[in-house]
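Colleague: Shown below is the structure under consideration.
The values are calculated or read from the model by the stated rules, or taken from the named source; none is laboratory data. The model shown is predicted, which means the values in this text are computed figures rather than measured ones. For neighbour counting, all protein chains shown are included, and Cβ atoms are generated from backbone atoms with ideal geometry for every residue, glycine included.
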Amino acid sequence: MGVYWNNNGKNGNSTIDIEDSFIISYVKKWIYSKGDTLMNADVEFLNYVYQNSQMGIDTLEQLLEITEDEKLQTYLEKQIEGYRKFHNEARDILNRSGYDEKGLGTFEKIRTYLMVNLQTMADDSTSHIAKMLIQGSSMGITEAVKKLHQYENDVEKDVKKLMERLQEFEEENVEKLKEFL
C-alpha cells in the first residue's frame, strides 16, 4: 500500500490508490478536528442552537400577529432579538469553519405553524400564549441540558458556552413569561 506519484511530466497529475485515499481522508479529518475545523459534536451543538433560535423567531413572529396585548408584544420583540443573536452567532461559527447551517425542515416549519394556529384558535389570551411559550422554552431547556450532558467533554469551550447561554436565555424567558399567566 502506498501513494504513487505519476510525475512523468503530464500535467503534474498524481495517482493514489483507493485504500490510501481512505486513510488520507481519515487522517485529514482527524487533523482538522484538532485544529480550526469543528468536530461533529460542535456542529451538532451549533445546528441545535441555530434550529432552536429559528423556531423561536418563527413562533414569536407568528404570535406577534395574534396577540393584542401591547406589553406582551413588546416582550416578544425583545425575545426575537435575543433569538436572532443566537441564530446569527451559531451560523457565523459554522460558516467560518466551513459548514453550512442546517435549518428547520419544511415539515417542521409547517407543523409548528399549524400547532400555533390551532392552539390559539380557541384561546388567544395573553395567559394562554404565555403558557404555550413557557412550554416551548421548557422543551428547549430540557434538550439543551441533555446535549450538554451527552457531549460534556466533546465540544469546544466557546460552543459549550453558546449552548449554556441559550439555556440561560430560555430560563430567563420562562421566568419573565410567568408574569403574563
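Colleague: From (1) of a type in the set (A, V, I, L, M); (2) at pLDDT below 85; (3) more than 16 Å from the chain's Cα centre (by Cα); (4) crowded, with 18+ Cβ neighbours inside 10 Å, pick out the condition that doesn't hold for Leu72.
Modeller: Failed condition: (2).
Conditions tested, residue by residue: (1) exposed (fewer than 13 other Cβ atoms within 10 Å of the Cβ); (2) in contact (Cβ under 8 Å) with a residue 40 or more places away in the chain; (3) part of a helix (DSSP H, G or I).
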| site | (1), (2), (3) |
| --- | --- |
| Leu76 | no, no, yes |
| Glu81 | yes, no, yes |
| Ile93 | no, yes, yes |
| Gly136 | no, yes, yes |
| His149 | yes, no, yes |
| Met163 | no, yes, yes |
| Glu170 | no, no, yes |
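Colleague: Something else now. List every residue pair whose Cβ atoms sit under 7 Å apart, with the two residues 6 or more apart in sequence or on different chains, where the first one lies in the range 97-109 and is in a loop (DSSP other than H, G, I, E, B) and at pLDDT 90 or above and the second, anywhere, is of a type in the set (Gly, Ala, Ser) and surrounded by 10 or more Cβ atoms within 10 Å (Cβ to Cβ).
Modeller: Final answer for the pair search is Glu101/Ala90.
Colleague: Consider the range 62-110. How many of its residues are among the hydrophobic types (A, V, I, L, M, F, W, C) and within 20 Å of Arg165 (Cα to Cα)? Full working, then the answer.
Modeller: Quick first cut of the range 62-110, residues among the hydrophobic types (A, V, I, L, M, F, W, C) only: 63-64, 66, 72, 76, 80, 86, 90, 93-94, 104, 107, 110.
This time we only want the ones that are within 20 Å of Arg165 (Cα to Cα), so: 76, 80, 86, 90, 93-94.
So the count comes out to 6.
Colleague: Collect the residues in the range 151-161 that are acidic (Asp, Glu) and assigned to a helix (DSSP H, G or I), keeping them in residue-number order. Give the derivation first.
Modeller: Step one: filter the range 151-161 for residues acidic (Asp, Glu), giving 152, 154, 156, 158.
The one that is acidic (Asp, Glu) and assigned to a helix (DSSP H, G or I): Asp158.
Colleague: Has the range 138-147 got at least one residue that is in the same structural domain as Glu171 (by TED's automatic domain parsing), touching a Ser or Thr at 6+ places or on another chain (Cβ under 9 Å) and either among the small types (Gly, Ala, Ser) or surrounded by 16 or more Cβ atoms within 10 Å (Cβ to Cβ) (or both)? Let's see the steps before the verdict.
Modeller: Taking the range 138-147 as the starting set, the residues that turn out to be in the same structural domain as Glu171 (by TED's automatic domain parsing) are 138-147.
Next, only the ones that are touching a Ser or Thr at 6+ places or on another chain (Cβ under 9 Å) stay: none.
Checking the range 138-147: not a single residue is in the same structural domain as Glu171 (by TED's automatic domain parsing), touching a Ser or Thr at 6+ places or on another chain (Cβ under 9 Å) and either among the small types (Gly, Ala, Ser) or surrounded by 16 or more Cβ atoms within 10 Å (Cβ to Cβ) (or both).
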